[in-house]
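The values are calculated or read from the model by the stated rules, or taken from the named source; none is laboratory data. Bear in mind that the values here come from a model prediction, so they are computed numbers and not experimental data. Virtual Cβ from ideal backbone geometry, glycine too; neighbours counted across all protein chains shown. These area figures cover heavy atoms from the full protein model, side chains too; ligands, DNA and RNA do not enter into them. Shrake-Rupley method; radii C 1.70, N 1.55, O 1.52, S 1.80 Å.
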Amino acid sequence: MNTSPSPTATAAALLPLVGGPANVTSVAHCMTRLRLGLADRSLVDEEALRALIGVLGVVEDDTYQIVLGPGVVARVTPEFEKLVGAAGELAARGAELKEAQRARNATPGKLLLRRIANIFVPLIPALIGCGVLAGLNGLLINMGWLPGVTGALAVIPSAFLTLIAVFVGYNTAKEFGGTPVLGGAVAAVVVYPGVAKVTAFGVALSPGQGGVLGALAAAFLGTYVEKWCRTWVPATLDVLVTPTLTVLIAGLATLYGLMYAAGEISTAIGTAANWLLATTGPFAGLILGGLFLPLVMLGLHQALIPIHTTLIEQQGYTVLLPILAMAGAGQVGAAVAVYFRLRHDTSIRTTIKSALPAGLLGVGEPLIYGVSLPLGRPFLTACAGGAAGGAFVGFFAMLGDKVGATAIGPSGWALFPLLAGNRGLGMTVAIYGGGLLTGYGVGFVATYFLGLGGVSGVTGATGVRPGDASRA
């Protein structure tokens, strides 16, 4: 029988612990976290919040983030919004406080990375759906099945991937304070087939040259031009002059500069990624797999999305994602080791059982904030498992066996339908599966024998009490 509280009950329990409706200035959520803007964080009862059933952890950043887990957070958020008030009113009431809080709690570099992530994160569901369809279509073609359907299946995912620059431009203008549709209009220049008739730096342009990086740069420039126009264009002429100059100036700059420059940068990114894995495969995999969990912990992993997207545009898949996915395998192995070692601790074992399915599918935050990070050392041994799995995949990349993902978003077992490579699907699946098993194994062994030596002194969100380690 399912004893988990309902979304409505969870929302009702959360609200007083974060200071009540008057203290909430904004409400949003990502895949695993309820993200709240709070007027006064001192009003939060964090101890009671961490102890609440269903709460897997909390993170203080530019927003106050409550980790509830995938699926759960999407159901709790609308119920929470109903209790607090209309989301639009909240945003208007809390905008000034939120900006002041961001200025206090974040460096310019972190803010830039988060803003870039805000541009690409909304695109992830479409990237996942189109990636799965592209992989399914490739499988059908290779097997010779349903030849009358494969043509249509090729069109559906390709349409979004071909026009992704427009969506990037739209989100870029929205994020940086411009008119979204103008950002999309300027970015559309990048993918318009007619650019093949334009010559820049003595070379004919190609539709899509520069990809998402070119679209991002074009829309950012368009936003700057739009804001500049509004400082001097009379209000009576604004509706006519500002959009025209925005599209004209940013469009010309895109054609005669940004597309070429972004194309060179995109090519350099692809070349660097291939060289890194071909030359220093195991070492590169070790570093990438070992450091990814800290990036997830800080919420900065989303800033890698433009790189993944660029590689997918160039090569059809990103070779970095399968390596980074090994961090989740190390996390799973570490959590299983904690489960077996702390078999007298009902609280933490319950947390692991509820969070482990998400961890196997590549959603690591519930295990990070509910298990390994509060315990301390298991977080480090989980990183060791990720490093080992990354080194495994990197070793085969150095041998010429590339393993990539046709879309971004899921990892763990959920990445199998998105796998692609240069040695056939069987070899690709075997290498990725071997990397997962390596990450699971090293994460488990390192945590079981080395990761719980100091756990007896830990108390708090996980329910780990003094003496648990010795009793285990």
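Here are the numbers for the structure shown:
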{"item": "Helices (runs of 4 or more DSSP H) completely within the range 8-110 that count 3 or more residues being modelled with pLDDT of 80 or more", "result": "46-51, 72-84"}
{"item": "Residue in the range 166-176 that is farther than 18 Å from residue 256 by Cβ and surrounded by fewer than 16 Cβ atoms within 10 Å (Cβ to Cβ) present", "result": "no"}
{"item": "Matching entry among 239, 233 (being of a type in the set (A, V, I, L, M, F, W, C) and open to solvent by less than 40 Å² (accessible area, probe 1.4 Å))", "result": "233"}
{"item": "Among (1) free of Cβ contacts under 8 Å to residues at least 60 places away in the same chain; (2) open to solvent by 10 Å² or more (accessible area, probe 1.4 Å) - the single one residue 344 does not satisfy", "result": "(1)"}
{"item": "Residues being crowded, with 24+ Cβ neighbours inside 10 Å, within 13 Å of residue 259 (Cβ to Cβ) and not β-branched (Val, Ile, Thr) - total across the range 177-204", "result": "1"}
{"item": "Looking only at the range 1-53, and only at residues there that are open to solvent by less than 50 Å² (accessible area, probe 1.4 Å) and among the β-branched types (Val, Ile, Thr), the one that is nearest to the chain's Cα centre (by Cα)", "result": "32"}
{"item": "Residue within the range 337-351 that is in contact with a helix residue (DSSP H, G or I) (Cβ under 9 Å, 6 or more places away or on another chain), in a helix (DSSP H, G or I) and closer than 20 Å to residue 414 by Cα present", "result": "no"}
{"item": "Residue, nearest to residue 205 (Cα to Cα), within the range 233-251, restricted to residues that are hydrophobic (A, V, I, L, M, F, W, C) and modelled with pLDDT of 95 or more", "result": "250"}
{"item": "Residues (among the small types (Gly, Ala, Ser) and in contact with a Leu (Cβ under 9 Å, 6 or more places away or on another chain)) located in the range 308-352", "result": "325, 327, 328, 329, 330, 334, 335, 337"}
{"item": "Filtered residues of the range 123-165 (kept if open to solvent by 80 Å² or more (accessible area, probe 1.4 Å) and under 21 Å from residue 30 (Cα atoms))", "result": "125"}
{"item": "Boolean, residue 254 is part of a helix (DSSP H, G or I), touching a helix residue (DSSP H, G or I) at 6+ places or on another chain (Cβ under 6 Å), closer than 30 Å to residue 405 by Cα and polar (S, T, N, Q)", "result": "yes"}
{"item": "Residues that are assigned to a loop (DSSP other than H, G, I, E, B), over 20 Å from the mean Cα position of the chain (by Cα) and either buried (at least 24 other Cβ atoms within 10 Å of the Cβ) or not small (Gly, Ala, Ser) (or both), drawn from the range 386-418", "result": "399, 401, 402"}
{"item": "Selection count, the range 419-432, where residues are assigned to a helix (DSSP H, G or I) and open to solvent by 20 Å² or more (accessible area, probe 1.4 Å)", "result": "5"}
{"item": "Any chance residue 322 is open to solvent by less than 30 Å² (accessible area, probe 1.4 Å) and more than 17 Å from residue 359 (Cα to Cα)", "result": "no"}
{"item": "Every residue from the range 265-319 that is under 26 Å from residue 369 (Cβ atoms) and touching a Ser or Thr at 6+ places or on another chain (Cβ under 6 Å)", "result": "308"}
{"item": "Top-ranked residue of the range 244-268 - restricted to ones that are open to solvent by 40 Å² or more (accessible area, probe 1.4 Å) and in contact (Cβ under 8 Å) with a residue 40 or more places away in the chain, ranked as farthest from residue 315 (Cα to Cα)", "result": "247"}
{"item": "Where residue 211 falls short, out of the listed (1) open to solvent by less than 30 Å² (accessible area, probe 1.4 Å); (2) on the phi < 0 side of the Ramachandran plot; (3) within 27 Å of the chain's Cα centre (by Cα); (4) among the small types (Gly, Ala, Ser)", "result": "(2)"}
{"item": "The range 357-371 residues that are touching a residue at least 12 places away in the same chain (Cβ under 8 Å) and within 20 Å of residue 52 (Cβ to Cβ), paired with ones that are acidic (Asp, Glu) and in a helix (DSSP H, G or I) (beta carbon under 9 Å, 6 or more apart)", "result": "358/365"}
{"item": "Count of the range 289-310 residues which are buried (at least 23 other Cβ atoms within 10 Å of the Cβ) and hydrophobic (A, V, I, L, M, F, W, C)", "result": "2"}
